[in-house]
Amino acid sequence: MFRRTRLRRAARDAPNSPSDMAQAPPRRERYASGGQSDFADALGFLRWTEAQRAHSRAIDRIRTQVANGERVRIGFAVNEESKWNANELLETLVRQGFEAKIYLGRPPGHVIGSKREAKALERLHEFFQGKPAPTAMLYTPSNGFQLSADYIDSDVVFFQQPWGFQNYPAQGLGQFLSAYMHYGFPVVANEAMHYTMPGFHPYLWRYFAPTEWHKSLYVDTVPFALSAVKVTGYPKLDFYRQRQAIQAEGKPDAKSLDRLHLIYAPHHALDPASIQLGTFDWSGQLILEIASRRRDIRWTYKPHPKMRRGVKKSGLMSTAEYDRYVNAWDELPNAEVRDGGDYFDVFTASDGLITDCGSFLAEYMPTGSPILWLDSQKGVGLNAYGKRLAQGLYRCTDPSDLDAALEALFNHGVDPLAPIRASLRDELLSGAVSASEAVTREMVSELFAV
């Protein structure tokens, strides 16, 4: 007899019905993690005002180029293929007639000149081969030097993340327009990191937010940023729209019908100085042992790209010990290790996700399959939209919770949160057009206006 009480506890915060989720974004208020002092507010406002003037001049210049028959040049500054979120956007912009280029920066977290850095650079370069845009290297590995924003020759630049490019929007002010779509779907209550990094956010021309909730969080934290925030949806989720179109044509789904397939995706934030989402201290070895025992299940190990550094920084494992852990997954006949940037094919081919990551709580939701959320009960917690998503998650805080949820869901087929996940899926994919199309329309309306 499986433990229904534990499964009920995992779902105890769920609303009574999917319709109960139709609620407005929260009332605007300052968040403790993102609230600024009066001095910081004033300084931020001055930066923002300076940036708006420069943006206006850049837009006038770009509109003149368009009037003269020149193409608008769009750049993407990228330094980690695992965080790339603009496949569909890149393709949509190119179809619309924009000229695109991908700028490759130094992969963060590697020793300069090391073999791991060289391998990361090689993977980064290979990842973008075949994309509808040429690449240009900003980083020279032989001397560890990365070119400044002055060497970017695009009119608008989308930055993949602040890390590695933190001061580029400030450096490029007046030279190009800086745009940002968070590389992950923001569900963690870390508003300072999401919206207030000093050399980055105040100088953005556009911040493309996934939902009205996130726009509200941004403006609550930085009130004068209202004009820069545009709600367009989350471009990574455009994958599911394309998949729906393929299924509508009668093409078969990739999901295996003869074998259960589960994904384990741990987060790297384990040490006390981090946001402490990780539960690898109790879940890592446990889930590997379950995978070793349950040969009737296919497993995918999909760690956060910083996992190797995270376990070392926390003191939980040395890098050699973690490498042996990954090798143990790789050697299982019923498992694979995936650490690249394209992983939605794995999502849609799976039957469930076990994770303590943040963005995956939203990115996996449209599959309709169960999510077992490993809640560390530490750190910054979830933001307003993360709490909204949590209503469709099976919350596991210890091994017994995880065991009970696995048994109930996958041995007995008891899934009481399925209707709520379906409602959340519909909400995440509810835009009239795809996120990529919405961003492209915003670009056209702003840059092609006369």
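The values are calculated or read from the model by the stated rules, or taken from the named source; none is laboratory data. None of these values were measured; they are calculated from a predicted model. Note that each Cβ is placed from the backbone with ideal geometry, even for glycine, and that neighbours are counted across all protein chains shown. Ligands, DNA and RNA are excluded from the accessible area calculation, which covers all protein heavy atoms including side chains. Shrake-Rupley method; radii C 1.70, N 1.55, O 1.52, S 1.80 Å.
Quick look at the values:
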{"read-out": "Lone qualifier among Glu80, Glu50, Glu70 - being without any contact (Cβ under 8 Å) to a residue 40 or more places away in the chain and among the charged types (D, E, K, R)", "value": "Glu70"}
{"read-out": "Every pair of residues 6+ apart whose Cβ atoms lie under 6 Å, when the first sits in region 211-239 and is on the phi > 0 side of the Ramachandran plot and crowded, with 23+ Cβ neighbours inside 10 Å while the second is in a helix (DSSP H, G or I) and of a type in the set (A, V, I, L, M)", "value": "Gly233/Ala435; Gly233/Ala438"}
{"read-out": "Hey, Leu138 open to solvent by less than 10 Å² (accessible area, probe 1.4 Å) and either within 18 Å of His201 (Cα to Cα) or not aromatic (Phe, Trp, Tyr) (or both) or not", "value": "yes"}
{"read-out": "Residue in region 154-170 that is open to solvent by 40 Å² or more (accessible area, probe 1.4 Å) and either free of Cβ contacts under 8 Å to residues at least 12 places away in the same chain or in a helix (DSSP H, G or I) (or both) present", "value": "no"}
{"read-out": "Count - residues of region 200-217 that are out of contact with any Pro (no Cβ under 7 Å at 6 or more places or on another chain) and assigned to a loop (DSSP other than H, G, I, E, B)", "value": "3"}
{"read-out": "Per-region count, region 88-119, residues in contact (Cβ under 8 Å) with a residue 40 or more places away in the chain, small (Gly, Ala, Ser) and open to solvent by 20 Å² or more (accessible area, probe 1.4 Å)", "value": "1"}
{"read-out": "Which listed residue is at pLDDT 95 or above and not charged (D, E, K, R), from Ser423, Ser430", "value": "Ser423"}
{"read-out": "Helices (runs of 4 or more DSSP H) contained entirely in region 329-446, each with at least 2 residues that are surrounded by fewer than 20 Cβ atoms within 10 Å (Cβ to Cβ), among the β-branched types (Val, Ile, Thr) and in contact (Cβ under 8 Å) with a residue 12 or more places away in the chain", "value": "344-348"}
